[in-house]
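Working notes, beginning with the structure itself.
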Amino acid sequence: MSAPPDDVTIRVINEGAGWRLECRPRFEAQMFRSGRAAEAAARSIAARFALSGLGVQMAVEDQGHAILGTTTFFPLPVSDTLNAAPTARGGL
C-alpha cells in the first residue's frame, strides 16, 4: 500500500492478543485489545485528517500481514470543510 507523499497511511495490524494502529507519518503506534476498537479509532483519525485536507489510505491486516480490507479517505477541499463545520446557536 503506497500513498502520495502528502497523504497519510494508517494500518491496523493483528499482533497475537492485540491490535496495533500505525499512522504514518503523523504519530506513534497505539495498541488496542480488540480489532473493532482499533478500526474505529483508525476511521476516526482518518476522518479528521480528511477534514484537514489530507488524503488517507487505511488498511486492516491479519497476523500474517494479509490485507483484510482497505479504505480511502479523500481530502476535503478547505471550502467544503468550512461549509461542513457545525454551528452553534444559543438562546431559548
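Just so you know, all these numbers are worked out from the coordinates, no wet-lab data involved. Since we're looking at a predicted model, the values are computed, not measured. Using ideal geometry, Cβ is built from the backbone for each residue, glycine included, and neighbour counts are taken over all protein chains shown.
The slack between residue 33 and residue 51, meaning 0.36 nm per residue of separation minus the straight C-alpha distance, is 3.7 nm. The Cβ shell under 13 Å around residue 19 holds other residues with a net charge of -1, Lys and Arg each +1, Asp and Glu each -1. The overall shape of the range 30-73 is oblate: from the C-alpha gyration tensor, with semi-axes ordered a ≥ b ≥ c, the ratio a/c is 1.5 or greater and a/b is no larger than b/c. For residue 53, nonlocal amide neighbours, meaning residues 5 or more places apart or on other chains whose placed amide H falls under 5 Å from its own, are 76. Using the Cβ-Cβ distance between residue 44 and residue 17 with R0 set to 25 Å, the FRET efficiency works out to roughly 0.65.
Taking the Cβ of residue 64 as the center, what net charge do the other residues with Cβ under 15 Å away carry, scoring Lys and Arg +1 and Asp and Glu -1?
After counting each charged neighbour, the total is -1.
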